[in-house]
1. Collect the residues in segment 163-183 that are of a type in the set (S, T, N, Q) and within 19 Å of the chain's Cα centre (by Cα), keeping them in residue-number order.
2. Quick one: GLU105 ticks every box in (1) in a strand (DSSP E or B); (2) more than 14 Å from the ligand (Cβ to nearest atom) except a single one, so which number is it?
3. Mind counting the residues in segment 160-180 that are touching a residue at least 40 places away in the same chain (Cβ under 8 Å) and touching an Asp or Glu at 6+ places or on another chain (Cβ under 8 Å)?
4. Condition first: assigned to a loop (DSSP other than H, G, I, E, B) and either within 11 Å of the ligand (Cβ to nearest atom) or surrounded by 15 or more Cβ atoms within 10 Å (Cβ to Cβ) (or both). Now tell me which residues in segment 108-124 satisfy that.
5. Is it the case that segment 69-88 has a residue that's part of a loop (DSSP other than H, G, I, E, B), within 14 Å of the ligand (Cβ to nearest atom) and either more than 16 Å from PRO154 (Cα to Cα) or touching a His at 6+ places or on another chain (Cβ under 8 Å) (or both)?
6. Hey, among the residues in segment 57-68 that are of a type in the set (Gly, Ala, Ser) and touching a strand residue (DSSP E or B) at 6+ places or on another chain (Cβ under 8 Å), which one's farthest from the ligand (Cβ to nearest atom)?
7. Out of the residues in segment 1-53 meeting the condition of being assigned to a strand (DSSP E or B) and among the small types (Gly, Ala, Ser), tell me which one is nearest to PHE107 (Cα to Cα).
8. When you scan segment 39-75, how many residues do you find that are hydrophobic (A, V, I, L, M, F, W, C) and touching an Asp or Glu at 6+ places or on another chain (Cβ under 7 Å)?
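Each value in this text was obtained by applying a stated rule to the coordinates, not by laboratory testing. These figures come from a predicted structure and were not determined experimentally. Cβ placement follows ideal geometry from the backbone for every residue including glycine, while neighbour counts extend to all protein chains displayed.
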Amino acid sequence: MSTTPMRLAVLGSGKGSNLQAIFDAIDAERLHAEVICVISDVEDAFILERARQRGVPAEYVDGAPFRTRLDGDAERRVIDLVRQHGGTHIALAGYMRMIKAGLLEAFPGRVINIHPSLLPAFPGLEAWTQAVEAGARESGCTVHFVDPGMDTGPIILQRSVPVLPGDTPAVLHARIQQQEHLAYPEALQAIAEGRGGAPTG
Ligand code: GRF
């Protein structure tokens, strides 16, 4: 792999197992990328600790006064940080805020998300709980480009899992996460190689 690696900023609010999967795929040369910074809206999120342990800049950006979206000063700060670190793409990995036009226009066609269902089924929060409560026989994960909607952007790839009798939401989420950890690096590599069906921009 002689080309320049994709320069990825990762945004997350939680434990960062998808960030770890991205690091592992880079180390295994399955993903030609460099994580140039990790940004969280939760000061003590473990995703920031994973970044620090690897020597990747870990940045906390308070989302206040907004609770569920990235907007205003916080959005500008995130855009500035990604640019300062030379990021070309943004991967959302459990980032619990809606992304608005400002960030999407700053990185057109270059903001990617992973969602724990087979979209368009079960958008929104706790998709694994939604799947169990709906009695779904199958669920999975979706990697998609982000647009201004809620989990609605163009799909890059999906991986499915069965929903088994007796599954609790937590058991199903763990099964889905195993597939996420394969799907996210695979989708990012497809984008790095220009195979991701990227929207223009
Ligand atoms: C994942 O299930 C992802 O699909 C969802 O949030 C969770 C993040 O998990 N958007 P982690 O922080 O990467 O472990």
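1. First pass over segment 163-183, keeping only residues of a type in the set (S, T, N, Q): 168, 177-179.
Correct list: GLN177, GLN178, GLN179.
2. (1)
3. Of the residues in that region, 2 qualify.
4. Our first condition is that a residue be assigned to a loop (DSSP other than H, G, I, E, B); within segment 108-124, this holds for 108-110, 116-124.
If the condition is that a residue be assigned to a loop (DSSP other than H, G, I, E, B) and either within 11 Å of the ligand (Cβ to nearest atom) or surrounded by 15 or more Cβ atoms within 10 Å (Cβ to Cβ) (or both), then GLY109, ARG110, PRO116, SER117, LEU118, LEU119, ALA121, PHE122, PRO123, GLY124 are the ones that fit.
5. no
6. GLY63
7. Among those residues, the one meeting the criterion is ALA9.
8. In the first step, residues of segment 39-75 are kept if they are hydrophobic (A, V, I, L, M, F, W, C); the result is 39, 42, 45-48, 51, 56, 58, 61, 64, 66, 70, 74.
With the extra rule that they be touching an Asp or Glu at 6+ places or on another chain (Cβ under 7 Å), the set shrinks to 39, 61, 74.
The total comes to 3.
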